[in-house]
Each structure stands twice: as structure tokens, then as C-alpha cells.
1. Picking from Glu267, Glu255, Glu263, which residue would you name as being of a type in the set (D, E, K, R) and either within 25 Å of Gln112 (Cβ to Cβ) or modelled with pLDDT under 95 (or both)?
2. Ser214: over 23 Å from Asp92 (Cα atoms) and either surrounded by 23 or more Cβ atoms within 10 Å (Cβ to Cβ) or aromatic (Phe, Trp, Tyr) (or both), yes or no?
3. Of everything in segment 235-275, what is of a type in the set (Asp, Glu) and within 20 Å of the chain's Cα centre (by Cα)? Give them in sequence order.
4. Could you say whether any residue in segment 72-93 is assigned to a strand (DSSP E or B), buried (at least 20 other Cβ atoms within 10 Å of the Cβ), in contact with a Phe, Trp or Tyr (Cβ under 8 Å, 6 or more places away or on another chain) and at pLDDT below 90?
5. State yes or no: is Arg137 at pLDDT below 95 and surrounded by fewer than 24 Cβ atoms within 10 Å (Cβ to Cβ)?
Amino acid sequence: MTKDIAQEGSLRPHSEVSRGFRCYRSIRMAPKRRVQAYVLCLSREGDVSRPPKGWVLIPIFLLVVPVTMGPTASATTVLVYLSRDSAVVATDSKANRIGGGTLEVCKIFPVQSKMVFATTGISHFDDPPFDPYEIARTVASRVADPVGSASRYAIEAIGPLQNIWNRIRTAYLELGRANGIMTGVPGFSFIFVGMGDADRIIAAGGNFRERPLSIWLYSTPFVLEPTAESDGYVWAAGVVSALPGYKYIKQLIKEQGAPATLEQLIEKQAKATPNLVGLPVAILTIKRDGNIEWNSRGACSP
């Protein structure tokens, strides 16, 4: 079971990335909220540290209303609390290999001095080649803000993801069924959190979904930006079956702070679904001045 726990603030318009093979036609948000359509062919460059090949961080749902999705195979929890003064990102550390076995991995990746990236889904493959952290770091080096980075990432990631999905779909869904998750379709989600223009804290990301009655993937982007009227967002992706309701989470944050609350929630989820979510919890805070502080590194190395 899943529940919507992101209820407040403004969501900018959704768009989607069309299917393709080598080059991809996209409808995306451009600066000043214009919508642009263009064709981009994928390229890969750069090299960064990565989880071992073939390991996957598999989600159930991306919970940002009004987007809804079906159930999928699952094994990670990513939580973000976003306010005008700071952003807190927290993840578990368990990765499941489709061929069997688990490993502790870091799921929060700084891509700039003032921006981080987190993802659920496939963390690394050699054949066909795919490394979401490398793609995130590459696009963030070209685009300075979370919105632009998320738009670019959606374009550059969909090709490799589609090739992998074509090969592992059956095994991926069998992994979910083996852990009590009903057969479904992918909900590979990602998020960039950091400083936008005018020193504003912004989160932007998307979810790769399977088109109805097909195996072709497309992307549904979103942008979260706190306003003066909002007391913050709670965003969750992955396994969330043990999480309480949105209002209760917001109350806990008011009482004990966002880092302690997100850690408590992931620990609760790990206890409820130990085969899917695992400790330690990694927690990172981005402050309004752009400084990044680790509350708890979990499996993330200094």
C-alpha cells in the first residue's frame, strides 16, 4: 500500500520524454517556464565513483501528487524535506542485485558544491552501460540549477535505461514478487536538490514510467519550490508502506526537526521491510547559504 504525503506548495507543469532508440524527442520546461521541443542524442563522458555493477535500487512509487503510478518491484527509501531555509535528504543504504544478494551503498551523491542527487532504480550497469551518478554529475557541470539538471538528466538517462529495461524487465519484476510486491511496472525516480536562482532552495526530478500496454519508458518531471505560504514539502520515493500520513510527518518535523524525523521514518520502514530497506541511514542538509552538511553519512564515504 502507498499513500500520498506531499500535499502542499506549488507543482510546476508536467511534461514527458517520448520514446526513442538513439536520439530522443523531448518536450521540456525551459527558462521562464516556456515549453520547448527538441531532439537530443545521448552522450556519456566523465568518470566518478559508483556502486558495483549490476546493483539496483528498486522503487515502488514516486509520491508527489498529482502523479500516480502502479506498484513495482522495490528496495529503497528516499525522503526529502524542503523548506525555504533548508533541505534535508535521507536514504537507506540497501541495494539488491537482480541475480541475488545485497550490499550497502551510498544513495546521496553531491554533484556540485551546492547541489545533490538521489535516485531509485538501477544504480549501475556495464552492459549496456549506465551510471545515473555519472550522468547526474555530467549534466550538473553543464547546468547550474536543479531544474535544468533534472530536465537534462531525463533526456540523457532514458536511452540507457530503456536498453537495460528491455533486458532485465522479467528478472526485475520477479525480484519484486519474491519480496512480496505485486507484479507491476518501473517507477525509476530521481531528484536534484540544491540552490536555484536568487539563492532559492529548489528540488527537481522525475519518474521514468512504462507506457500503457508497452515496455517503452517515458518521464514525468516535477519541480518543488517552497513559498511563503507553505511550511515545507515532504517528498518520498521507494518503499513507503510503513510511513505515517503526511500531516503526522509534518507534526514530527515541527517537534523534533527534519533530520531526526526522516531518520526515524526510514528506520521504521527498514524494520517493516528488512529485505527491501536497510540501515544505516544517510542524512544530508543543504542550508540556504548553499553549505552542505552531513548529519549522518550512513554508507557514504567522506
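1. One residue alone meets the criteria, Glu263.
2. No, not satisfied.
3. Glu263, Glu267
4. Checking segment 72-93: not a single residue is assigned to a strand (DSSP E or B), buried (at least 20 other Cβ atoms within 10 Å of the Cβ), in contact with a Phe, Trp or Tyr (Cβ under 8 Å, 6 or more places away or on another chain) and at pLDDT below 90.
5. Against the criterion (at pLDDT below 95 and surrounded by fewer than 24 Cβ atoms within 10 Å (Cβ to Cβ)), Arg137 does not qualify.
A quick yes/no check of all residues on (1) touching a Phe, Trp or Tyr at 6+ places or on another chain (Cβ under 6 Å); (2) free of Cβ contacts under 8 Å to residues at least 40 places away in the same chain:
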position: Ala237; (1), (2): no, no
position: Ala242; (1), (2): no, yes
position: Ala258; (1), (2): yes, no
position: Ala270; (1), (2): no, no
position: Pro274; (1), (2): no, yes
position: Val281; (1), (2): no, no
position: Thr285; (1), (2): no, no
position: Asn295; (1), (2): no, no
position: Ala299; (1), (2): no, no
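The values are calculated or read from the model by the stated rules, or taken from the named source; none is laboratory data. Computed from a predicted structure; not experimentally measured. Using ideal geometry, Cβ is built from the backbone for each residue, glycine included, and neighbour counts are taken over all protein chains shown.
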